[in-house]
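Asker: Encoded as structure tokens, here's the structure I'll be asking about.
The values are calculated or read from the model by the stated rules, or taken from the named source; none is laboratory data. Model, not experiment: these values are computed from the prediction. Counting neighbours? That spans all protein chains shown, and the Cβs are built from the backbone with ideal geometry, glycine included.
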């Protein structure tokens, strides 16, 4: 891909956008319908690519990737007409005769940089939002999941408008070259270090961005919870896609007296999910490549504490078993960076306040999980911390509800998407006010030369109601304003009012 003229590609997309065809409801619906057809007609091929790249089982491939993306498309198709409608806004007395609304406009040409861990979901779901909003798109799947990337490069042009969507494959040189161009929006999913590079590139052109990053998502387990249920949900959230999930539980905090009980229950859950040897399980995925095996290996061998379960590594098979570390300290290696693999450190704390203090001493995470029977404990954890999302008594499931925004805060990301939030991400909210060339007599109060009477009248017209009932608060002002306008227009009382 080194010989591609990216400037020409972007210019072509911009030229196509300027024709206005992507702004129409019909074009957007046609593209979404085609994308839905792509997913339905190529489910097996997509599943096979995911199996090759990540050893994903069919259940994870369908539920987390293909069907997940399909639902995003259906949501956009079902709501697009409503999303595109103008949003009428409240008015004050001075603008009561005007037409005031917010018009949602496409931004133009969007660059979408997909991720390798969920290479279909994290590439196509942003694309759904960009298309629904009426943008042209330059799409780059992650080269790390190469089989899926090549398949998307092959399939997308067969179904979507090739003049308005371009797919580019390649590695770091291609991504670097792409970031030298000017876009109207950049959507990136990946790690924080690369996110900073993308942000710097966008800043050169003042291009707005969404950065879906990551971080160390904590889990706090309160005393007296049902450990059987908590262990099941924690193990599922941690070891789905072998921990290669941006919102995966990264580490656990619990009371020292609970640690061994929790480990025992986690062992039971792991055996129940993956059998005696997870390596033989069809439901346990693989680390994406040898480089990431080496990266995760250091947490197993030198992460801190001691290995309470697992610790088996087969680099050739890209396999690391579900691993639990106990008695981990805040200064240990496993607590310094996102693990992004099947290694779960447990750091004992005395109480929820110690957990809160630790969370707040670190960068804001993408997700936080709290297991507690006492709602007050959960509420204190939520109110005293900050994270992209928070789930009480479960893990990962927040991403399945499209009416919740999915995104980070601080170092875990900028912006959010899913459902209508994806549409909003790729649109500009344009403030529109339409006035008549009538009633000019009323407008003299805003024209120089200014007088005390003019200023007082203007203050009165712009005054906001303070009563709780807005109807009762506005009634006298509305009535007097109408009377004033009629008197000025019909009787010509400008001189009387001091105008």
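Asker: If I filter region 235-281 down to residues being outside any helix (DSSP H, G or I) and more than 33 Å from the chain's Cα centre (by Cα), which single residue comes out as surrounded by the most Cβ atoms within 10 Å (Cβ to Cβ)?
Answerer: 275
Asker: Taking residue 298 as the residue in question, decide whether it is farther than 20 Å from residue 57 by Cβ, at pLDDT 95 or above and out of contact with any strand residue (DSSP E or B) (no Cβ under 6 Å at 6 or more places or on another chain).
Answerer: yes
Asker: Now a separate question. For region 405-425, name all the residues that are assigned to a loop (DSSP other than H, G, I, E, B) and in contact (Cβ under 8 Å) with a residue 24 or more places away in the chain.
Answerer: Across region 405-425, the qualifying residues are 408, 409, 415, 418, 419.
Asker: Can you name every residue in region 378-390 that is more than 15 Å from residue 357 (Cβ to Cβ) and either over 22 Å from the mean Cα position of the chain (by Cα) or surrounded by fewer than 20 Cβ atoms within 10 Å (Cβ to Cβ) (or both)?
Answerer: Within region 378-390, 378, 379, 382, 390 meet the criteria.
Asker: On to the next question. Suppose the filter is crowded, with 24+ Cβ neighbours inside 10 Å, within 21 Å of residue 427 (Cα to Cα) and out of contact with any helix residue (DSSP H, G or I) (no Cβ under 7 Å at 6 or more places or on another chain); does residue 130 pass it?
Answerer: yes
Asker: Name the residues in region 206-223 that are out of contact with any helix residue (DSSP H, G or I) (no Cβ under 6 Å at 6 or more places or on another chain), surrounded by 24 or more Cβ atoms within 10 Å (Cβ to Cβ) and farther than 30 Å from residue 258 by Cβ, would you?
Answerer: Passing the criteria: only 212.
Asker: Further question on the same structure: Can you find a residue that is over 30 Å from residue 241 (Cβ atoms), at pLDDT 90 or above, touching a strand residue (DSSP E or B) at 6+ places or on another chain (Cβ under 9 Å) and in a loop (DSSP other than H, G, I, E, B) anywhere in region 387-400?
Answerer: no
Asker: Does region 355-377 hold any residues that are in a loop (DSSP other than H, G, I, E, B), surrounded by fewer than 21 Cβ atoms within 10 Å (Cβ to Cβ) and in contact (Cβ under 8 Å) with a residue 60 or more places away in the chain, and which are they?
Answerer: 362, 363, 364, 373, 374
Asker: Just to be sure, is residue 428 more than 24 Å from residue 387 (Cβ to Cβ) and in contact (Cβ under 8 Å) with a residue 24 or more places away in the chain?
Answerer: It is true that residue 428 is more than 24 Å from residue 387 (Cβ to Cβ) and in contact (Cβ under 8 Å) with a residue 24 or more places away in the chain.
Asker: Just checking, how many residues over region 287-310 are touching a helix residue (DSSP H, G or I) at 6+ places or on another chain (Cβ under 8 Å), under 22 Å from residue 117 (Cα atoms) and part of a loop (DSSP other than H, G, I, E, B)?
Answerer: 2
Asker: Let me spell it out: the conditions are (1) assigned to a helix (DSSP H, G or I); (2) closer than 29 Å to residue 428 by Cα, and residue 40 meets all of them except one. Which number is the exception?
Answerer: (2)
Asker: Here is a list of conditions, (1) in a helix (DSSP H, G or I); (2) in contact (Cβ under 8 Å) with a residue 40 or more places away in the chain; (3) more than 18 Å from residue 396 (Cα to Cα), and residue 230 meets all of them except one; can you say which number that is?
Answerer: (3)
Asker: If you scan region 107-121, which residues turn out to be in contact with a strand residue (DSSP E or B) (Cβ under 7 Å, 6 or more places away or on another chain) and crowded, with 24+ Cβ neighbours inside 10 Å?
Answerer: Scanning region 107-121 gives 109, 110, 111, 112, 113, 114.
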